[in-house]
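Shown next, in structure tokens, is the structure this report addresses.
The values are calculated or read from the model by the stated rules, or taken from the named source; none is laboratory data. Quick caveat: nothing in here was measured; it's all calculated off a predicted structure. Virtual Cβ from ideal backbone geometry, glycine too; neighbours counted across all protein chains shown.
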Amino acid sequence: MTAVDFRRLALGFPEATESAHMDHPDFRVRGKIFATLGYPDMGVGMVKLFLDQQKLFVRAEPKVFTSVKGAWGRRGATHVRLKAAKKASVQRALAAAWRNTAPPKLVAQYDGSDSSAGARRR
């Protein structure tokens, strides 16, 4: 997995846009960040997960996913080591982060459902 791959996957979600935050790229849905790239270096991405999701990803692939240090990590921010990652794993993590951040109606449209009852919010 490369930074180019991560970017392509992140921008593949409905209404995903690229912007910048603290001099590195970020990916947003309706103005809210769901992932970043390039911090601390271009070999690392970050996805915003719920803590239970973070634990599952870290437990399943500890060489790929790690909690960001400090308060951000305790709130679900999760580093993705791109070199060690497979596309399918990163796709799942980005999908979770996008769903956590996108409005429930947009998630329901993406999932092909008319109901947003199952969408999780922060």
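Brief remarks on what is shown
- Scanning segment 1-47 for residues that are out of contact with any helix residue (DSSP H, G or I) (no Cβ under 9 Å at 6 or more places or on another chain) and among the aromatic types (Phe, Trp, Tyr) turns up just one, TYR39.
- Some residue of segment 36-52 being among the aromatic types (Phe, Trp, Tyr), over 13 Å from the mean Cα position of the chain (by Cα) and more than 19 Å from ASP5 (Cβ to Cβ): no
- Of the residues making up segment 1-39, those that are within 17 Å of THR101 (Cα to Cα), of a type outside the set (Gly, Ala, Ser) and part of a loop (DSSP other than H, G, I, E, B) number 5.
- Top-ranked residue of segment 78-122 - restricted to ones that are among the polar types (S, T, N, Q) and modelled with pLDDT of 95 or more, ranked as farthest from the chain's Cα centre (by Cα): SER89
- Flag for MET42 being of a type in the set (A, V, I, L, M, F, W, C), assigned to a loop (DSSP other than H, G, I, E, B), within 19 Å of TRP98 (Cβ to Cβ) and in contact (Cβ under 8 Å) with a residue 12 or more places away in the chain: no
- Residue within segment 12-21 that is surrounded by fewer than 17 Cβ atoms within 10 Å (Cβ to Cβ) and modelled with pLDDT under 95 present: yes
- Selected residue [of a type in the set (A, V, I, L, M, F, W, C) and assigned to a helix (DSSP H, G or I)] from VAL80, VAL90: VAL90
- Against the test of being out of contact with any Phe, Trp or Tyr (no Cβ under 8 Å at 6 or more places or on another chain) and either among the aliphatic types (A, V, I, L, M) or closer than 24 Å to ASP111 by Cβ (or both), the options LYS69, LYS32, LYS48 yield a single qualifying residue, LYS32.
- Residue in segment 43-54 that is at positive phi, surrounded by fewer than 20 Cβ atoms within 10 Å (Cβ to Cβ) and not aromatic (Phe, Trp, Tyr) present: no
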